[in-house]
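Please read the structure below before turning to the comments.
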Amino acid sequence: MAINKPGIPSGTRDFGPVEVAKRNYIIEAIRKVYTLYGYQPIETPAMENLSTLTGKYGLEGDKLLFKILNSGDFLKDADAEILQEKSAQKLLPVIAEKGLRYDLTVPFARYVVMNKHLITFPFKRYQIQSVWRADRPQKGRYREFYQCDADVIGSKSLVLDAELVQIIQDVFSQLNVSVTIRLNNRKILDGISEYIGETEKNLFLTVAIDKLDKIGIEGVEKELSANGFNAAQIEKIISVIAIDGTTAEKISALEKIFTGEKGKEGLKELKEL
């Protein structure tokens, strides 16, 4: 008689004592630095309401959410018309109301909204927990992994941004790992939208640029085109992405082409940082 061998879902891993000890060492080093700078720990549930999670990561990100089927007879509330249409988009809200967290940022935002009467601002928080993504497993990319977030909410001070950069440096110094830290500013992405004259599709622009290392320039061009950007706009976006040089040289180049207020403000903040 054939015996079924036990297994684990694709994209997940077991961790033995040695791996857990190494991971705990790294996490403890991170935790010590976060605590040294006054960051406080929080934890949130592994699952969140889909109404909280969806719409925050773009259409592509929403597809990577692990949905949790409702308990019991989850099809009892689905009418025959929806079932006959075989439309996952229409059926999903009926059979699934919860999902596993995709990252720690959206749960943190939800936590702040629900607990703002208990929080003293600016609120410096860190959170070290697992997240899940229904992505295609490949080398170095898993469906379950840890994130070690540190964020400040309730202050516009660039001193705190500089502090976060120092935290990153301190963590890797503690681990004796040499790294290159890259700075960005969301307002610069807004500046690109202003530059091309299309501010209504900022989310699509951001998602496409974020994939640059993964899909390359041609992939970014295809993604932008698929989301309704015209050839002239795409050419301008690519020209910005292609700017090379030191940080100071890149900022100088952007100062010459950014005319919108958000873009200028982002460059000013980056220079101050």
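Read the figures in this text as sums done on the coordinates, not as results from a lab. Note that the structure is predicted; figures quoted are calculated from it, not measured. Positions of Cβ are generated from backbone atoms using ideal geometry, with glycine treated the same way; all protein chains shown enter the neighbour counts.
For segment 193-273, applying the loop criterion from DSSP together with a ceiling of 12 other beta carbons within 10 Å to the GluC sites (Glu not before Pro) yields Glu200. According to the Cα-based calculation, Rg over Rh for the chain is 1.00, with Rh computed by the Kirkwood formula.
Which of the listed residues, Leu175, Leu212, Val159, is farthest toward the dipole's positive end in segment 112-232, when Lys, Arg count +1 and Asp, Glu count -1 at the beta-carbon? About the Cα centre, the residue reaching furthest to the positive side is Leu175.
Label positions at Lys268 and His117, each projected 7 Å from the Cα along the C-beta direction, are separated by 3.8 nm.
By the Cα gyration tensor, segment 93-191 has an equivalent ellipsoid whose semi-axes, rounded to whole angstrom, run 26, 23, 15 from largest to smallest.
Name the residue, out of Leu158, Leu53, Leu100, whose mean-square fluctuation peaks in a Gaussian network model built on the chain with Cα pairs under 10 Å. Sorting by GNM fluctuation, first place goes to Leu158. Looking at the chain only, what percent of DSSP beta bridges run antiparallel? Nearest 5 please. So the antiparallel bridges in the chain amount to around 90 percent. Summing Cβ point charges (Lys, Arg +1; Asp, Glu -1) relative to the Cα centre of segment 186-272 gives a dipole of roughly 80 debye. Distance from the C-alpha centroid of segment 1-37 to that of segment 172-206: 30 Å, rounded to the whole angstrom. Of the trypsin sites (Lys or Arg not before Pro) found in segment 90-124, the ones in coil according to DSSP and having at most 13 other Cβ atoms within 10 Å of their Cβ are Lys116. When each full DSSP H helix of the chain is screened for a Cα extent of at least 27 Å along its own axis and an average Kyte-Doolittle hydropathy of at least -1.0, the helices passing are 17-36. Distance cut-off 26 Å, Cα to Cα: go down the list Lys63/Lys236; Lys22/Lys67; Lys201/Lys268; Lys124/Lys211; Lys32/Lys250; Lys56/Lys214 and report the pairs above it. Table pairs above 26 Å Cα-Cα are Lys63/Lys236; Lys22/Lys67; Lys124/Lys211; Lys32/Lys250. Net length available on complete extension from Asn49 to Asn184 is 45.5 nm, with 0.36 nm assigned per residue and the Cα-Cα distance removed.
Among 37-48, 139-150, sorting by the average number of other beta carbon atoms lying within 10 angstrom of each residue, highest first, gives 37-48, 139-150.
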